[in-house]
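The values are calculated or read from the model by the stated rules, or taken from the named source; none is laboratory data. As the structure is a computational prediction, the values presented were derived from the model and not from experiment. Heads up, the Cβs are rebuilt from the backbone with ideal geometry, glycines too, and the neighbour counts pull from every protein chain shown. Please note that ligands, DNA and RNA were not included when accessible areas were found on the heavy atoms of the full protein model with its side chains. Shrake-Rupley method; radii C 1.70, N 1.55, O 1.52, S 1.80 Å.
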Amino acid sequence: MNIESFHTVLIKHLDLMQNKDIIPFLQTISEQEDISVIMPNGRLISGYKDVAEFNKDWFG
């Protein structure tokens with residue numbers, strides 16, 4: 001992936017997050033089980049299923 005396409009996907013990802021548009025947002029994250037998110041409090045969320053569930057709750 002080149003820098004321009006990365007930037008395009010990143011902007012789309014952030015716009016979907018800001019608008020809390022969960023289905024297209026989930027399409028911008030990896031469905032691989034090695035995906036992880038580290039929360040500001042240090043909590044680790046690992047795996048697509050858990051990351052997706054967290055975001056569904058957060059987008060609520």
Query raised in the report: Per-residue HN-Hα couplings for segment 28-43, Karplus 6.51 cos²θ - 1.76 cosθ + 1.60 at θ = phi - 60°, whole Hz, x for Gly and Pro?
Result: 9, 10, 5, 8, 6, 6, 8, 6, 9, 10, 9, 7, x, 7, x, 5
Report summary line: In units of 2.2 N^0.38 Å, the Cα radius of gyration of the chain is 1.15
Query raised in the report: Helix 48-59 versus the longest principal axis of the chain: what angle, 0 to 90°, nearest 10, using Cα atoms?
Result: 90 degrees
Report task. About the Cα centre of segment 10-60, how large is the charge dipole given +1 on each Lys and Arg Cβ and -1 on each Asp and Glu Cβ? Please answer in debye to the nearest 20. Result -> 160 debye
Query - Förster radius 25 Å - calculated FRET efficiency between D50 and D15 (Cβ-Cβ, nearest 0.05) - result: 0.60
**Report entry** Probe 1.4 Å, protein heavy atoms only - accessible area per residue of the chain in square angstrom
**Finding:** 78 Å²
Query raised in the report: In whole percent, how big is the carbon plus sulfur part of the accessible area of the chain, probe 1.4 Å, protein atoms only?
Result: 55 percent
**Report entry** Positive-end residue, the chain charge dipole about Cα centroid, Cβ charges, pick of L10, F59, S30
**Finding:** F59
